[in-house]
Amino acid sequence: MIMKPELAIKLPKTGHYVIAVSGGVDSVSLLHMLATQPDSNLRLRVAHVNHGLRADADSDERFVRELASAYALPFNSIKLELGQANEATARQLRYEFLLNLLAQHQARAIITAHHANDQLETSLLNTLRGSGRHGQAAQLNRSRMLRPLLGLQKSELYGYAKHHGLAWREDSTNQDRAIPRNFIRHELLGDVPDYSERHSDLMLAHQQINRRLDGRLSKLYYSFKTDTGVEMPRTWLGEVSWPLAEVFLHYVLRQLDSTREFSRTQIEELVRVAKTAPVGSQISLPGTLKLQVRYDTVAINVGAGLALAQPVMLLQPQTSLTFGRFQLSYGSYRDSTALNLILPPGEYVVRSARSGDRMQTSGGTKKIQDIFVNQKVPRDVRSSWPLIVSKAGHILWLPKLMIDPELIANTIGYQLIAEEL
């Protein structure tokens, strides 16, 4: 059977892409389709992951390398040291490799050869695992991932490869019924075509529902979006139901890290912390995601954690410097609506808070830590908050938070302006 001609329009014709090629009939056929398109202006990079789990894994890698060379395409591969790692770990390492290539070579997206049978098997496998709505619907398309063959059956790909005289490698483990996916493929789906067709229809219906729901969630997501993740008001989290919070936070995780799968247990724990945990609580998630409960908000950030303490910086007249979230301009005499004060002539430095730091206030000396707490400064930004300190070691100013009372009426010296970035 030859691939239907009208399906070819789903293939990209321009741009730079990384194509994942295992050496099997699916990816070999996809590579041929992409590389031989008429009027195409594609730049392709072939990527292969050697899982090292089979005796012929190295032969597969050599085959794909030679295939890329035959198409005059650049080739990258990686050999994984999986040991006793499970399927989820192997999948994660595989996509990390592909995403690194994507970023390194500034490609548009990764193209994989997943087809209709893969989608159906994934849906059943995820259902048996107790997956959520996306897993059961087997929604394989994600940002930066293109899967143009989802409209094709495996049999069509075999027909395409034979018609074009293509060679491919067969994975000997595909017949091992002890592997859950193979059991589903050969035992559950192989002999019940009517069931397969009904399940495919149900899966497509769920995908349509998910697309509509994700459209609503997307608007909510972008209303809370920040440069590093999302920041949701605690009042909002307190008002929404637990099921809605679970659905939304799962959506957030998928947007912030599209390569990972998150379990129901992880989502439930995330919602529990977000809705009920005290200020200062935090929970780390797989990868670099972290949820932090702040005074008025709950944040989920990529690469989050406590901000690094800033170095000690000397304030020099007629200069500016950036410290944490503030731009400090010293020696200015311009009118400003930003925070500012006049420092008497002398030497001053800017540094982060240290254990035991205290400063003079109208009510006596107070610990800097207590000022942060009383002013509801999030724990993860305190170490990068600027302290203006005299040569004698006296803390004179915490922008936005506290000024030494003796400086409030001072009019002699240089103006220091603090503008929040």
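FYI, it's all coordinate maths here, none of it is from the lab. Just so it is clear, the structure is predicted and the values come from calculations on it, not from any experiment. Here the Cβ positions follow ideal geometry from the backbone for every residue, glycine too, while neighbour counts run over all protein chains shown.
A few comments on the model shown:
- Close amide-amide hydrogen proximity is noted between Ser77 and His48, each under 5 Å apart and 5 or more residues distant or on a separate chain (H modeled in the peptide plane; Pro and chain starts excluded).
- Two-site FRET efficiency, Lys400 against Glu170, from Cβ-Cβ distance with R₀ of 41 Å, rounded to 0.05: 0.05
- Cα→Cβ-extended label distance, 7 Å offset, between Lys13 and Asp58, nm: 4.4 nm
- Shape of the stretch 313-420, Cα gyration tensor, a/c cut at 1.5: prolate
- Pairs over the 29 Å Cα-Cα cut-off, from the set Lys225/Lys367; Lys13/Lys290; Lys290/Lys400; Lys13/Lys162; Lys225/Lys400; Lys219/Lys290: Lys225/Lys367; Lys13/Lys290.
- Less than 5 angstrom separates the built amide H of Arg43 from those of Gly15, His16, Tyr17, all sequence-distant by 5 or more or on a different chain.
- HN-Hα J in Hz across the stretch 355-368 - Karplus 6.51, -1.76, 1.60, θ = phi - 60°, x for Gly and Pro: 4, x, 4, 9, 9, 6, 10, 5, x, x, 6, 9, 5, 4
- Residue-by-residue Karplus 3J(HN,Hα) for the stretch 272-285, coefficients 6.51, -1.76, 1.60, Hz, glycine and proline x: 4, 5, 4, 8, 10, 6, x, 4, x, 5, 8, 9, 8, 10
- Gain in span if fully extended, Asn374 to Thr228, counting 0.36 nm per residue against the direct Cα distance: 50.0 nm
- Cβ-derived FRET efficiency at R0 25 Å, Gln37 paired with Gln104, nearest 0.05: 0.50
- Charge tally in the Cβ shell below 13 Å around Gly363, where Lys, Arg are +1 and Asp, Glu are -1, Gly363 excluded: +1
- Interchain or long-range residues, amide H under 5 Å from Arg169's placed H: Gly24, Val25
- Reciprocal of mean inverse Cα separation for the stretch 224-302 (Kirkwood radius, Å): 12.3 Å
- Backbone phi angles across the stretch 391-401, fed through the Karplus curve with coefficients 6.51, -1.76 and 1.60 (θ = phi - 60°), yield HN-Hα couplings of 4, 7, x, 7, 7, 9, 7, 10, x, 6, 10 Hz in residue order; Gly and Pro are listed as x.
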